[in-house]
Amino acid sequence: MKILKFGGTSLANAKLFLRVVNIIEKSVKKEQTGVVLSAPAKITNYLADIIESKIYDDSMLKIVFISENIFFQLIKDITNIQLSFPYKEVKKIIQKEFNKLKKIVKNIILSKKCPENIQAIVLSRGEILSVIIMKNILKSKKYKITVIDPIKNILAIGNYLDAKVDINQSKKNIENININKNDIILMPGFIGGNEKKELVLLGRNGSDYSAAILSVCLNAKLCEIWTDVDGVFTADPRKVLNSYLLKKISYQEAIELSYFGAAVLHPRTIKPLKKFKIPCLIKNTTNTQSKGTLISQENDVEENHLKGITHLDDITMITLPGFIINNEEKKILSIVKNFSKKNIKIILTTQSSAEKNISFCTFEKNIDKILILLKQNFKSKCKDILNYININKNLSILSIIGSCIYKKNNFLSKIFFILDSLKINIFAITQGSSKNSISIVIKKKNILKAVQNVHNILFSKKKIINAFLIGIGGVGRALLNQIIKQKKVLDKKNIKIKVCAIANSKKILLENSINLKNWQENFNKSKEKFNLEKLNSLLINNSHSNSVIIDCTSDQYLSQQYVHFLSKGFHIVTSNKKANTDSFKYYNEIRNTAFLENKKFFYETNVGAGLPVIKTLQNLFNTGDKLISFKGILSGSLSFIFGKLEEGLLLSEATKEAKKRGFTEPNPYDDLSGIDVARKLLVLAREAGHSIELKDIKIEPILPKSFQQYNNAEELLFYLKEFDAQFLHLIKKARNEKCVLRFVGTIEKEGSCSVKIEKINKKDPLYHIKNGENALTFYTNYYQPIPLVLRGYGAGNDVTASGVFSDLLHTIL
Ligand code: ADP
Ligand code: ASP
Ligand code: MG
């Protein structure tokens, strides 16, 4: 004997109904089969809308008509496929059922009351009709059927809406039914009967429970729950994209997964199966090939010890203060436990040892009942207890389930880290009594992002970086190309870079994970404008941990938002020097915020492009070294230009060539003015501990100030020719002295900084630096009299992008 249960999602339309028939037929060929059916999808929800409505008017009847029409359509569609289906007969039965329902609803409207026994009758209509339809399809295919009436046979104790089954009595009842061996057994799920043989319900989603009960009652060797997903996943697959199917789980794990919110199983389903050692297989009606999830005594040791993440919403936490409890914890806990007799589920309790407060969590719908009970219980001690208890609403419980979860190394620290980085407060945390679960109470508004991110960190082997790229000039583009090229290598190292946004000053392309192969095409198509408002909403709505803003612009305004970015939980990687060369106050503010927020602020490419300058210095200074002095060629563009001058090019020609090769800033005036070198020098000086401002750096520009007026590259290059002769003279003069000209940045011992053209003789290491190379010579306590020299290309899109890329990877390393 095997029991098959089909949920509402498996009975949503005619095609699915007939697919279910197929599955039943296959099973029947092998062994006797019992079938438990839910109501077709959405029907129970419609019926619930009727009984929950507080407006007692014809709108209630309207819902009855909608439900009736769904059934009419369903049998019409079934008849179109299964021609032998007795359409007229079944239509009459449906009409009769709905006429009864209309009478009931009219009474509800008149009396403005809907007691629980009536609610149960209304809610159960879907299951009754599912069985009638299925019986007639099977009969039309010449199968013999026995329908088990759950009201007569499934004895259920408790209230009308959420009763618990007396398995022993139900087993006796069903064993007494004379079922022919060749019959297919049908039973509506969700329904039981109390001692008075009145209809009661087994709680929403209760057909799973019915199937488990029938499995026990008929001594089935397997209970199959057919639904719309392949089985039990590590998290709800509709909410967590990279959740995966669990092939096997233990009874206990399934109990805890369903108790803490995995909707795929009604929480009471597994206990009876566990008691009678009946395995349970969860299968997908629309993907019968999938092997599903087997729930049994065995646990899949091959798999992760952690089994799943679930959540329960609409939770309220009630805290009783210590002075009320006053050494009577046991009594209080027993009061709380007694709530269950009143059908109030307490999901978890916590106790603080210092203040002796006791907190417990329940569903929001129970609050009123609980407050009444608390008032009654504390009448003698405290006149108005309600003034002292704390009620915290709009919460959710996130639970992590797995065998012996407490033994898992650093698993809690990972969860805390991730919740902290998402700025999610924890209201309470408890370990389940079975030691197979940990539950954390957080605000409901945060639950989805918490579930997704906790799932990622615990279940995904991959470390994910969520990148938001602003600036798609040479460096931004080169970065995207490098990310594409490096994908396979990073995959092997379990690192995944998800680019979630690409923006320039005008618009933005936003996707959960942008396909980089055709990003340009999609970016061109994007109609989304990019501005501060857009950026702000992006920051607020971001639900990923490990999110990084990459600033590949040279925008001052953007650089002034860094503190804001950090405080919203983003790391920052920037090639833009504007933030680090803003006021010293802002410079410190960024670092303080990054420290407080536990976020990374990386700017390796601010000096020397991809050369390892900043991190090298930080390593030296963090471990006790001190800068004595510095001298260097810090501009790739000027290194190139001055090199070309040696070869005989005029200043305008050399500048044009440098621009063409992508060595200069968009307007080469920024290079020739010396300001860009001054900014780099300032970054270095501040790194070395000097509290100076940009204005403190003495700049001897290459060009006269009058060139400042040319605010675009073309104009500048045109007028630069007028200056060629004057400059040629300087070069010749240097050559006569066997020297070359170099644009040099210097930091003196006491911290004074300057940038200027210097005559450099052959002995100086800077003599050979040209063609875009940079050279940085650091005299430090440890590196003297021979200085530490860093030398290499200090400009160019690829080297700069690789520096940005390396910073990006360091955010998770
Ligand atoms: P049925 O109508 O078959 O009873 P339900 O809607 O009650 O179906 O249950 C199936 C749904 O449970 C899935 O569609 C899925 O969204 C949800 N679900 C929640 N948690 C899990 C999980 N851990 N694994 C699988 N499904 C889950
Ligand atoms: N139809 C009922 C519900 O929606 C029972 C079930 O589907 O299991 O809650
Ligand atoms: Mg269900």
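Would you check which residues across segment 258-271 are surrounded by fewer than 21 Cβ atoms within 10 Å (Cβ to Cβ) and under 16 Å from residue 214 (Cβ atoms) and list them? Of everything in segment 258-271, just one residue is surrounded by fewer than 21 Cβ atoms within 10 Å (Cβ to Cβ) and under 16 Å from residue 214 (Cβ atoms), namely 271.
Quick check, is residue 489 exposed (fewer than 14 other Cβ atoms within 10 Å of the Cβ) and of a type in the set (A, V, I, L, M, F, W, C)? Yes, satisfied. Scanning segment 123-147 for residues that are within 16 Å of ligand 1 (Cβ to nearest atom) and of a type outside the set (A, V, I, L, M, F, W, C), which turns out nearest to residue 29 (Cα to Cα)? This residue is 130. Here is the figure for segment 250-283: residues that are in a helix (DSSP H, G or I) and either within 15 Å of ligand 2 (Cβ to nearest atom) or among the aliphatic types (A, V, I, L, M) (or both) total 6. Looking at segment 1-32, which of the residues that are buried (at least 19 other Cβ atoms within 10 Å of the Cβ) and basic (Lys, Arg) is farthest from ligand 1 (Cβ to nearest atom)? It comes out as 2. Any residue in segment 27-48 that is assigned to a loop (DSSP other than H, G, I, E, B), over 39 Å from the mean Cα position of the chain (by Cα) and away from ligand 2 (no atom under 16 Å from the Cβ)? The answer is yes; a qualifying residue exists. Each residue in segment 1-20 was checked for being under 24 Å from residue 265 (Cβ atoms) and more than 16 Å from ligand 3 (Cβ to nearest atom), and 5 of them qualify. Scan segment 135-189 for residues that are in a helix (DSSP H, G or I) and of a type outside the set (Ser, Thr, Tyr) and the total you get is 17.
The condition of being of a type in the set (A, V, I, L, M), closer than 18 Å to residue 292 by Cβ and away from ligand 3 (no atom under 16 Å from the Cβ) holds for only one of 273, 245, 257, that being 245.
Here's the yes/no breakdown for (1) buried (at least 20 other Cβ atoms within 10 Å of the Cβ); (2) in contact with a Cys (Cβ under 7 Å, 6 or more places away or on another chain):
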| position | (1), (2) |
| --- | --- |
| 664 | yes, no |
| 697 | yes, yes |
| 718 | no, no |
| 725 | no, no |
| 733 | no, no |
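Restricted to segment 368-471, the set of strands (runs of 3 or more DSSP E) holding at least 2 residues that are free of Cβ contacts under 8 Å to residues at least 12 places away in the same chain and farther than 30 Å from residue 343 by Cα is empty. Taken together, 779, 767 contain a single residue that is aromatic (Phe, Trp, Tyr), in a strand (DSSP E or B), farther than 30 Å from residue 490 by Cα and touching a Lys or Arg at 6+ places or on another chain (Cβ under 9 Å), which is 779. Restricting the search to helices (runs of 4 or more DSSP H) fully inside segment 648-702 and requiring at least 1 residues that are polar (S, T, N, Q) gives 651-660. Counting only residues that are in a loop (DSSP other than H, G, I, E, B), closer than 20 Å to residue 288 by Cβ and in contact with a helix residue (DSSP H, G or I) (Cβ under 8 Å, 6 or more places away or on another chain), segment 210-242 holds 3 of them. What do you reckon, is residue 208 within 16 Å of ligand 3 (Cβ to nearest atom), surrounded by 23 or more Cβ atoms within 10 Å (Cβ to Cβ) and charged (D, E, K, R)? It is true that residue 208 is within 16 Å of ligand 3 (Cβ to nearest atom), surrounded by 23 or more Cβ atoms within 10 Å (Cβ to Cβ) and charged (D, E, K, R).
Restricting the search to segment 719-733, which residues are farther than 23 Å from residue 676 by Cβ and either in contact with a Lys or Arg (Cβ under 6 Å, 6 or more places away or on another chain) or touching a residue at least 40 places away in the same chain (Cβ under 8 Å) (or both)? Passing the criteria: only 728.
Every read-out reported here was derived from the displayed coordinates using simple, explicitly stated rules and does not represent laboratory data. Small disclaimer: the values here were computed from a predicted structure and weren't measured. When we count neighbours, we look across all protein chains shown, and the Cβ atoms used for this are built from the backbone with ideal geometry, even at glycine.
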